[in-house]
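Everything below concerns the one structure shown next.
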Amino acid sequence: MESISADRFVVRRDIFENCLVLFTIEDWEEQMKKIRSRINPYNREHNRFLRNFFKGTADLVLDASNRLLIPKKLLEQAGIEKDVVLAGQDGRIEIWAMESYEMIDIPADDFADLAEKLMGGFISEDE
């Protein structure tokens, strides 16, 4: 069973950025667990969310040469035509058109301020 799941992935359009996000099947199942814990299937707003969430999603399996074939429609929606950047992102991989990825940088001082805002008051469980 482990070898089968190692060959399976899910790709979807990102919710916030113009890129795709690739999940291992295990990470995808964790995402689904989080969503299921917050969604009521008999709520119209929740149904609209689910419909749009899954609309940009595809299951992928490695081929005999260990390649993934991403559906052309998803590539087009993310503006990916030729040069691609794969960016690791905490349990997932973002797939960007190189031109778009190069434009997301923020100035170093702004990044430092953001890091301080998000992590400055963080106290680990080990402390």
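Read-outs: derived from the displayed coordinates by stated rules, not from any lab. None of the values given here were measured: they were computed from a predicted structure. Methodologically, a virtual Cβ is constructed for each residue, glycine included, from the backbone with ideal geometry; neighbour enumeration extends over all protein chains shown.
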ask   = What range in the chain is the longest one free of trypsin sites (Lys or Arg not before Pro) that are in a loop by DSSP and have at most 15 other Cβ atoms within 10 angstrom?
value = 1-66
Whole-Hz ³J(HN,Hα) from phi, Karplus 6.51 cos²θ - 1.76 cosθ + 1.60, for region 7-22, glycine and proline x = 9, 10, 9, 10, 10, 8, 5, 6, 6, 9, 10, 8, 8, 9, 10, 9
ask   = Ordered by residue, what ³J(HN,Hα) values in Hz, to whole numbers, does region 51-64 give under the Karplus form 6.51 cos²θ - 1.76 cosθ + 1.60, where θ = phi - 60° and Gly and Pro are x?
value = 4, 6, 4, 7, 4, x, 10, 9, 7, 10, 9, 4, 7, 4
note = GluC sites (Glu not before Pro) in region 59-98 lying in a DSSP loop, each with at most 14 other Cβ atoms within 10 Å of its Cβ, come to 81
query = Not counting the cut sites, what is the longest span of the chain without chymotrypsin sites (Phe, Trp or Tyr not before Pro) that DSSP labels loop and that have at most 16 other Cβ atoms within 10 Å?
reply = 43-121
request  = Using label points projected 7 Å from each Cα along Cα→Cβ, tell me how many nm separate residue 36 and residue 81, to one decimal.
outcome  = 4.2 nm
query = In whole Å, how far is the Cα centre of region 1-80 from that of region 90-114?
reply = 21 Å
task = For residue 19, enumerate residues with amide H under 5 Å from its amide H, sequence gap 5+ or separate chain, H modeled in the peptide plane.
result = 14
